[in-house]
Every structure is written in structure tokens, then in C-alpha cells.
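The values are calculated or read from the model by the stated rules, or taken from the named source; none is laboratory data. Computed from a predicted structure; not experimentally measured. Note that each Cβ is placed from the backbone with ideal geometry, even for glycine, and that neighbours are counted across all protein chains shown. Note: accessible area is taken over every heavy atom of the protein model, side chains too, but ligands, DNA and RNA are not part of it. Shrake-Rupley method; radii C 1.70, N 1.55, O 1.52, S 1.80 Å.
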Amino acid sequence: MSNKDSGPVVIVGAGVSGLTLAFLLQSRGIHCILVEKDERVGGLARSFKYDGYTFDIGPHRFHTTVAEVDSFVRSTLGTEGIEIPRNSQVQFMGHRYSWPLRPGLMLFRFPPSVLFSIGIDLLTLYKKPHPVSFRDYIENMYGKTLYRRFFEGYSSKFLGITPELTDIDWATTGIDRAIIDNRLNMHSLWQVALGSLRPSKGPPTLFVYPREGCGQFTDLLAEGFVRAGGELLTGTEIEGIDSGGGNIRAVHVAGRTISPSLLIWTGTIHAANRLLSIAPPSLRYLSLVCYNLMLTEGEHFDFQWCYHGAPEVFFSRTSIPANFSRQATPEGQRSLCVEVSCREEDEVYNAPERFLDRVLTDLKRERLLKTDSELVAVRYERAPWAYPVYKLGYRKDLDALNAQHAPFGNLIMAGRLGKFWYNNMDHCIEASQKLAGEVLERLGRTAS
């Protein structure tokens, strides 16, 4: 590197990835400056509090088989971490079913016509030899019936592109993210069918969750980072980047010019390219609008989150904050987070209130509300860049992007946004722990 190793590490983006990395490096004596454009840290792991209610940006939880990640989460939360058993569901043809499908005849509760079609799929299932799209993968795994009845509508509605144009990576990654528990064999139609015949056994899947909402975890990380001597700049954006000699030579931020030893970018690839004077990538992200509904006391539902696959239903997922932590909702009240995926240029993103009546109508259709009078208040929260869109052939574009960044020797793209990576918080932490070790080695420090 041409820059001195004594220069600070500048990390852009204070989501889970950036915060974890900054905390770990600062704790090892590497001076870090963490820059976040939002006024608050957390990214997609923020929580919103109003009128005694707490809402996350959809369902969040920690679940990992990696001991180092589990230890990091629990040590960060301390006594504020609680354990909760998983209860996720899917709305399918007018009924809610546990998801993943649980053993014990769960599959055979489907309507007879659907069961008959699934039976035909089991006997005649033909796997395409070289699957490339979301449709190929799901039909190979679950057959045409479940693809057509649920996955096709859900995927098309959520991503805004057809499954034939969606890369297989969205299916392989998305199924793992939805199943979560590796103990469950859900990777073929035969596994699902045979598993439904066996009685349920083994302990339930347990999640770790912050008592006061997911944002409590990122707030605690930020506090630890600052306490260790790190600089946290919120409500701030990188104003300019100077490069030369194969390195990032200077970063301009908050009226300062900083010569970093490393620039680690966990923000969007579009913002990075703009500052590096590189053409914008063809890759794009999906955004979310959350309808955070505060409700009167009424019917209680036991699921934490539920997928809604019907194409005619406006939203794709709902979640119940009180089923993560009882402190999320005032006594005698209910709340519901309703997620609508969209693009930033869409009307629903810019004027979500215009679609509230449709949301309420579909909640009644899905039997989550009885009347509009149950609604006490609603708040709208926007989450830009929530998901990378894995359009067919996106890997070629991602490889080209990585080649554009390669000439900058001290630039590291990281995190969900910087790597264009569909992941969970657990994966962010694991990747940041690994990257922290690599950075320490690169700067001549030991990881232990």
C-alpha cells in the first residue's frame, strides 16, 4: 500500500456488517472512522419506536450454528437477549400452514385437488439437467404444483420479475434463508412428503432476539465501538474520493480530508461507483415499504411472520412484533408489520398512504383483520436497497463490477450492499469476523 498503515480504517455504512467490523477492529486497537448517511445506525436492523410500540423492518432474529457468531451476539446483548421458539407460517389457498412444513401429516392438510396434483408430481417428477432459473430450481425440488400454486406468484410479486428471468441463486439462497434450520430436510418434494408422515421430534428452533427490538443490538454495538475510541459520523456522507497509484489516497467527509489505510465500503455499489467515477452498474436493489399498524385488542395470531403468496394480495409478508418480544406492544393492544416490496421510483414507495385501503382490504382477505375499525394508527417506514435483485445472468454483471474495483488496492467491498449479497444478520456477522481477521493480518496485527 502507498498509504501508511498508521492511517485510520474508514468504514462506510453502519449496518450490522459495518458495525461488527468497526467494533472488532477498534477493539484490537485499529483506529476506525465509521460513516453512516442516516441519522441512526442499524441499516435494515433498525427499530422504530412510537406511542409505546416497537417495530423492526420486517422480522429479524439471530439463529446460527457458528459458535463464534452466537457468542458475539449473546455477549453484545447480555441480559437484553431473549430466546424465542420459531413459529413462521405461509398463507396458502385461504389457510395458514407452518413453514417449513412440519412433520406429522402437515402436507396432507392441503385441499384434495392440490394433494392429487402433488401425488402426480411425485410419480412423474422430471428434473431439468441444467437448471438456470428460479423456476427450474423450484420445479426440480418441489414439482410443478407447488411452484404454480405458491412459489410462482410469491416470487413474481416480491421481485417484480418473472421466475423465468430470476437467477437460480435467488432460489438456492432464498430457500435456505426461509428454512433456516439445517435439521429440516426440505430440499425435495419426496423429503417434504416423507417428512410429513413422520411424527415431529426434537426441540424447536430457538432464536435469540433483543428485548427492545432488533435495533437494540446495533445500538449496543455502536456504543461499544465509540467507547473503545472509534469515531462514529452519522447523518454524514462521503463527499469525495481521491485515488492514484492503485490506491484510495484520500476520503473527503464532514469537511475533513482523511488518508485511510483501508476504505471498507458496505454501502451501495452505485454510490461507490459514483464517487470512484465509474459507470453505474446494471445491478439493482429492491426496496421495501413497511406499513406499521397499531391495532385494538382483538384476535391473537401465534405466528411471528407469515408469507403471502397469492398474486392478488398486495403485500408479501406480515409479522407480529409482540410474538418476538412482549415489550413491543402496549398491554391490551396489537400490532402488525406489513411489507410491500417495490422500487424507489414506484408510487407506493413515494406515497404509501394512497395504498392503505388496499392493504387493509387484503388483510381482511387473509383473515388478519375483521374490520377497518381495528386500526388505531399507522406509520410508514421506507427501507431502500433492502434486497439485491438476482436477475438471470447477474453474475456476469457482478464479475464486471468486481473487475472495476480491483485496481484500487486498499478498497474492500463488504456487507449485504457492497457485495450485492442476499444474507441474514448472522451471515453479516460471520463475514465481518472473517474480514476483521484478514484486515488485522494485512495491517500487521494479530487476530488474537
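Quick notes on this structure:
- Residue 235, sole failed condition from (1) in contact with a strand residue (DSSP E or B) (Cβ under 8 Å, 6 or more places away or on another chain); (2) open to solvent by 50 Å² or more (accessible area, probe 1.4 Å): (2)
- Complete set of residues in the range 119-148 that are within 15 Å of residue 171 (Cα to Cα), open to solvent by less than 40 Å² (accessible area, probe 1.4 Å) and in a helix (DSSP H, G or I): 134, 136, 138, 139, 140, 141, 142, 143, 146, 147
- Criterion (at pLDDT below 95 and closer than 30 Å to residue 401 by Cβ) met by exactly one of 222, 279, 271: 279
- Conditions (1) open to solvent by less than 20 Å² (accessible area, probe 1.4 Å); (2) under 25 Å from the mean Cα position of the chain (by Cα); number of the one not met by residue 440: (2)
- Boolean, residue 366 is without any contact (Cβ under 8 Å) to a residue 12 or more places away in the chain and not hydroxyl-bearing (Ser, Thr, Tyr): no
- Of the candidates 39, 83, the single residue that is in contact (Cβ under 8 Å) with a residue 12 or more places away in the chain, touching a strand residue (DSSP E or B) at 6+ places or on another chain (Cβ under 9 Å), under 14 Å from residue 322 (Cα atoms) and open to solvent by 30 Å² or more (accessible area, probe 1.4 Å) is 83.
- Inclusion of residue 403 among residues that are outside any loop (DSSP other than H, G, I, E, B), surrounded by fewer than 16 Cβ atoms within 10 Å (Cβ to Cβ) and at pLDDT 95 or above is warranted.
- Filter result (over 23 Å from residue 341 (Cβ atoms), of a type in the set (Val, Ile, Thr) and not in a loop (DSSP other than H, G, I, E, B)) within the range 19-67: 20, 33, 35
- Residue ID - nearest to residue 15 (Cα to Cα), chosen from residues in the range 203-232 that are assigned to a helix (DSSP H, G or I) and either polar (S, T, N, Q) or open to solvent by 30 Å² or more (accessible area, probe 1.4 Å) (or both): 218
- Residue among 76, 54, 64 that is at pLDDT below 95 and either within 20 Å of the chain's Cα centre (by Cα) or closer than 21 Å to residue 207 by Cβ (or both): 64
- Every pair of residues 6+ apart whose Cβ atoms lie under 6 Å, when the first sits in the range 407-424 and is of a type in the set (Gly, Ala, Ser) while the second is assigned to a loop (DSSP other than H, G, I, E, B): 409/246; 414/266; 415/266; 418/266
- Residue 151 closer than 30 Å to residue 285 by Cα and in a helix (DSSP H, G or I): yes
- Yes/no for residue 90 being under 20 Å from the mean Cα position of the chain (by Cα), part of a helix (DSSP H, G or I) and of a type in the set (Val, Ile, Thr): no
- Condition met for residue 261 (among the hydroxyl-bearing types (Ser, Thr, Tyr), open to solvent by less than 10 Å² (accessible area, probe 1.4 Å) and more than 21 Å from the chain's Cα centre (by Cα)): yes
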